[in-house]
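Here the structure is laid out as structure tokens; the discussion comes afterwards.
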Amino acid sequence: MPNNAHLETELRRTSRNGAVVFTIVVFLLAVTIVLVLWQVIARQISVWALVVAAIAGFIAASSIHVVMQWEKAVVMRLGKFNRVAGPGIVFTCPIIEFYTLRVDQRVMATYFGAEETLTSDLVPINVDAIIFWMVFSAEKAATEVENYATAVSWMAQAMLRKAIGRATLGEVAMRREQLDAELKEDLEDKLSVWGIDVIDVEVRDIVVPKELQEAMAQEAIADKKRNARMILAEAEHDISEMLCDAAEVYDGDAEAMRLRTMHLAYESVEASGGTLVIPSAFSEGFIDGEKAAEPAYKVIKNREHHEG
């Protein structure tokens, strides 16, 4: 699968085949014109005719160039920088002028990594990352550094190792976005001198040695358990404070306590779906003492009158 994806990416890349064909056509056209003129003037094609035709074709091919839309041609004159030309048709003076480099100004993606790099707490880790960059000054990219694409890769790797060495393993693993921003800032300072702009830096993967993975997992589990116990203790503390407040409310208020008792009984019946039988004496507890005694007294009096 990776090979197929790489092949598909290669097939989607743009090419300069059209520009190469144009150069070949210019060379052949110049050779043909010289040979035709030689034939018209000298009536024959000699070795000198072929030599002159080849020279003319070389001069024509080295004087007319096609620069693609995404390219810039750095033109040198007698070894000194002269101008940046393109895109389109670019003309140069033969022998005196030539362009040394066609600078691609599209966004580039370069993979880089740091293997067995020590963190500040002396843990060796492997980190893979990608940098997205582009050339904003073709002149600087051609004159300030020999091979800017290779230089970007090596500089990114060096800055990644430096950033990892300043952080602990936990900081590298948990603060990946901060590591990306730090790398981007450092690379911008270094690469801007070469006419290169850093668009983004993304850390793809962080690989910790297997012998440390189990220890880190146990540490994380212990930390989660500690947090859970702290939350439970805080909840119990809050509940105990609320119960103390409730006890102060119920203290000295018998009717409030009876209401609370009935409420608890109702909740138990509602949850179980059963039936609760309450003695009449329990409900009479909510009535004033004299009124509670009055019905009983009347019942006794009625019984005595009936017996009489």
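The table below gives the values:
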{"read-out": "Alpha carbon Rg of the stretch 51-90, scaled by the compact-globule rule 2.2 N^0.38 Å", "value": "1.38"}
{"read-out": "Exceeding the 30 Å Cα-Cα cut-off - candidates 140/184; 190/210; 184/224; 72/190; 184/225", "value": "190/210; 184/224; 184/225"}
{"read-out": "The stretch 64-211: mean projected area of Cα convex hull, nm²", "value": "9.5"}
{"read-out": "Fewest-first sequence of 186, 245 by Cβ atoms within 10 Å of each Cβ", "value": "245, 186"}
{"read-out": "P(r) histogram, all alpha-carbon pairs of the stretch 143-244 included - 5 Å bins from 0, percent", "value": "2, 10, 15, 14, 11, 10, 9, 7, 6, 5, 4, 3, 2, 1, 1, 0, 0"}
{"read-out": "Size-normalised alpha-carbon gyration radius of the stretch 8-77, reference 2.2 N^0.38 Å", "value": "1.51"}
{"read-out": "Relative exposure of 140, 162, judged by other C-beta atoms within 10 Å (fewest first)", "value": "162, 140"}
{"read-out": "Over the stretch 136-187, volume per residue of the alpha carbon convex hull, in Å³", "value": "79"}
{"read-out": "Shape box of the stretch 3-154 [Cα atoms, principal axes, largest first, Å]", "value": "85, 41, 27"}
{"read-out": "Order of 108, 155, 174 - criterion: other Cβ atoms within 10 Å of each residue's Cβ, fewest first", "value": "174, 108, 155"}
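Throughout, read-outs are computed from the coordinates displayed, never taken from laboratory work. Just so you know, these numbers come straight off a predicted model, no measurement behind them. We place every Cβ from the backbone using ideal geometry, glycine too, and count neighbours over all the protein chains shown.
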